Amino acid sequence: MGRSVIAGRRELPKKRNLKKVPFVELAPGRLQGVVSSGSDAKRVYVSFVDAGSTDFYCSTNNNRPCGGLRGAPCKHIQAMIDNAVAQYGGARVAKHLGIAEAADARAIRSGIRGAQNKQPASEVFSRFLAYLRYVELDGTREPMPELSWFVTG
């Protein structure tokens, strides 16, 4: 069964694992997100992949490097990519990152050939926390463009 298309332009999102990856977005120049730790419920990781170079990095919200980074994307980056593909569609994520001939998460993950590029987690984590305030608001049927990343299908 194929994915549905909205007004002939964009695929409907598939269900994402919000417990594992509560935040993922196609930010200007990169894919970035927040990924829950598999071993500590109180810890989250901030991950990103730069568009074009496909440089990547993953660290805790306190800027401690992910122990799974060993010259290649860690499992947090892989989970972020999987959930980005579910949210935005493989073609859109691949195009955003500049990875040709990739249409699914596996092809996108194998297309990451960049290097570790340490950058602070604060900007991404702050954006995530700012978006969380919307969860506190009363429900509405009006669109909230700021929450387009939150659609779960």
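Throughout, read-outs are computed from the coordinates displayed, never taken from laboratory work. Small disclaimer: the values here were computed from a predicted structure and weren't measured. Here the Cβ is made from the backbone with ideal geometry for all residues, glycine too, and neighbour counts use every protein chain on show.
Side notes on the structure shown:
- Cβ crowding within 10 Å ranks Arg70, Arg43, Arg16 as Arg70, Arg43, Arg16, fewest other Cβ atoms first.
- 5 angstrom amide H check on Thr60, placed H, neighbours 5+ away: Val46, Cys66
- Percentage of interatomic Cα-Cα distances in the chain larger than 21 Å: 43
- Note on Ala115 and Lys42: the model spin-label points, each 7 Å out from Cα along the C-beta direction, lie 3.7 nm apart.
- Note on the chain: with a GNM built from Cα contacts shorter than 10 Å, the maximum mean-square fluctuation among Asp82, Asp40, Asp104 falls on Asp40.
- In the chain, the calculated helix contribution to ellipticity at 222 nm averages -7500 deg cm²/dmol per residue, counting -39,500 (n - 2.57) for every DSSP H run with n ≥ 4.
- Once the Cα-Cα distance is subtracted from the 0.36 nm per residue extended length, the Asp138 to Lys15 segment shows a gain of 42.0 nm.
- Pairs from the table (Lys20/Lys42; Lys19/Lys75; Lys75/Lys95) lying more than 18 angstrom apart at Cα are Lys75/Lys95.
- Among Tyr134, Tyr88, Tyr57, residue whose mean-square fluctuation peaks in a GNM of the chain (springs only between Cα atoms under 10 Å): Tyr134
- DSSP H segments from the chain that extend 18 Å or more along their own axis, Cα-based, with Kyte-Doolittle mean of -1.0 or above: 75-88
- Within a Gaussian network of the chain (alpha carbon springs, distance under 10 Å), most fluctuating of Ala107, Ala79, Ala51: Ala107
- Cα lying deepest toward the dipole's positive end in the chain, options Tyr57, Gly90, Ser39, charges on Cβ: Ser39
- Distances between placed amide hydrogens fall under 5 Å for Val21 paired with Ser36, all partners being 5 or more residues away or on another chain.
- Magnitude of the charge dipole for the chain, about its Cα centre and with charges confined to Cβ atoms of Lys, Arg (+1) and Asp, Glu (-1), is about 400 debye.
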